[in-house]
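*Asks:* Right, I'll just put the structure down here and ask away after.
The values are calculated or read from the model by the stated rules, or taken from the named source; none is laboratory data. As the structure is a prediction and not an experimental result, all values here were calculated from the model. Ideal geometry is used to build each Cβ from the backbone, glycine not excepted, and the neighbour counts take in all protein chains shown. Only protein heavy atoms, including side chains, enter the accessible area calculation; ligands, DNA and RNA are left aside. Shrake-Rupley method; radii C 1.70, N 1.55, O 1.52, S 1.80 Å.
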Amino acid sequence: MKVGVFDSGAGGLTVAKSLIEESLFKEIIYYGDTARVPYGPKDSNTIIRYALEAIEFFNNFNVDVLITACNTVSAYALPSMRSKANYPIYGVIEPGILALNNKLLSQDSKILIIGTRATIHSSRYQNELYALGYKSVTALQTGMLVPIVEEGITKGPVLDAMLDYYFKDIDTPDAIILGCTHFPIIKDAIGEYFNNTPHLIHSGDAVVSYLKEQGYKTLNSKPNVTIYASDNVGGLRDIAQQWL
Ligand code: DGL
């Protein structure tokens, strides 16, 4: 089976990496809209328009299924995307919520969601958690972590200062939803900031568990991966060499 993986840029490689490690597909077509990243500060109409253009891109590849690795796109554009495609499209929010719920935390547990401005404003994660009965939900826009990761800063004083800026008034949570494709790259620093006590929910792992529940099976060989981008595909392929 051939899977498409769509993201606003490089971040979705964290989801592709989980798919590669689990060998759920024979072929992965990755498309990053590097010409227009970041999507996080944009408004919903723009995010939906870009997502529909990505569907046009994937319609050339006969994919069997499409994973929208981008949390921001998952928050706004899945219904519009699904109306334009004749293959299943999965986002990362529902899998992330299920992964959190599978931790069997009490409903009084402190849950922290971090993501882009658009993802947090959509309230998608928050509403799903409230619907499941979680009462102590904090949602925080941490969009400046995106360019920091893109700069290759995954530890050290700049990242530590930025984490402190965002988290200094936050009580140590029981679980953190890493609601942005880039955050798995700095998950160690995020965990350490809170003394490694919170469960960290990683979209890539969550999607793999979700797909397995849907009946997708591990194959006995690693997938072929082809990377496409709307700008500077060489740069994206270089990042893929480091991250995958
Ligand atoms: N891929 C985006 C997300 O997961 C982060 C980068 C962006 O703002 O486009 O929300």
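*Asks:* Tell me, what % of the accessible area of the chain is carbon and sulfur with a 1.4 angstrom probe?
*Replies:* The value for the chain is 46 percent carbon and sulfur by accessible area.
*Asks:* Separate question: Given an 8 Å cut-off on Cα distances and at least 6 residues of separation, report the relative contact order of segment 79-199 as a percent.
*Replies:* 29 percent
*Asks:* I would also like to ask the following. Each residue of segment 143-151 in order: what ³J(HN,Hα) in whole Hz does its phi give by Karplus 6.51 cos²θ - 1.76 cosθ + 1.60, θ = phi - 60°, with x for Gly and Pro?
*Replies:* Along segment 143-151, the couplings run x, 5, 6, 5, x, 4, 5, 4, 6 Hz.
*Asks:* Ok, one more. So what J values fall out for segment 163-168 if you push phi through Karplus, 6.51 cos²θ - 1.76 cosθ + 1.60 with θ = phi - 60°, rounded to Hz, Gly and Pro as x?
*Replies:* Each residue's phi maps through the Karplus curve to give 4, 5, 4, 7, 9, 4 Hz.
*Asks:* Here's something else I'd like to know. Quickly estimate the mean residue ellipticity at 222 nm for the chain, helices only: each DSSP H run with n ≥ 4 gives -39500 (n - 2.57), and the total goes over all residues, rounded to 500.
*Replies:* Taken over the chain, the calculation gives -12000 deg cm²/dmol.
*Asks:* Ok, one more. What nm distance separates the two modelled labels at D171 and N45, each placed 7 Å from Cα along Cα→Cβ?
*Replies:* With each label point 7 Å from Cα toward Cβ, the separation is 4.2 nm.
*Asks:* Counting only residues 5 or more places away or on other chains, whose amide H sits under 5 Å from the amide H of A229 once H atoms are built in the peptide plane?
*Replies:* Here the answer is G32, since their amide H atoms fall under 5 Å of that of A229.
*Asks:* Tell me, what is the percent relative contact order of segment 37-85, built from C-alpha pairs under 8 Å that lie six or more residues apart?
*Replies:* With pairs under 8 Å counted, the relative contact order is 56 percent.
*Asks:* How high is the relative contact order of segment 153-244, given as a whole-number percent (alpha carbon pairs under 8 Å, six or more residues apart)?
*Replies:* So the answer I get is 23 percent.
*Asks:* On to the next question. Taking amide H positions as placed in the peptide plane 1.01 Å from N, state which residues far from A139 in sequence (5 or more) or on other chains have amide H under 5 Å from it.
*Replies:* Long-range HN contacts for A139: I113.
*Asks:* Could you give me the radius of gyration and the Dmax of the chain, taking only the C-alpha atoms into account and expressing both in angstrom?
*Replies:* In Å, with Rg to one decimal and Dmax whole: 16.9, 48.
*Asks:* Per residue, how many Å² of accessible area does the chain show with a 1.4 Å probe?
*Replies:* 45 Å²
*Asks:* Check K110: other-chain or 5+ apart residues with amide H under 5 Å from its amide H, H built from backbone geometry?
*Replies:* Placed amide hydrogens put D174, A175 under 5 Å from K110.
*Asks:* May I pose another question? Using θ = phi - 60° and the Karplus curve 6.51 cos²θ - 1.76 cosθ + 1.60, what whole-Hz ³J(HN,Hα) does each residue of segment 125-132 get, with Gly and Pro shown as x?
*Replies:* Rounded to whole hertz, the list is 4, 4, 5, 5, 5, 4, 4, 8.
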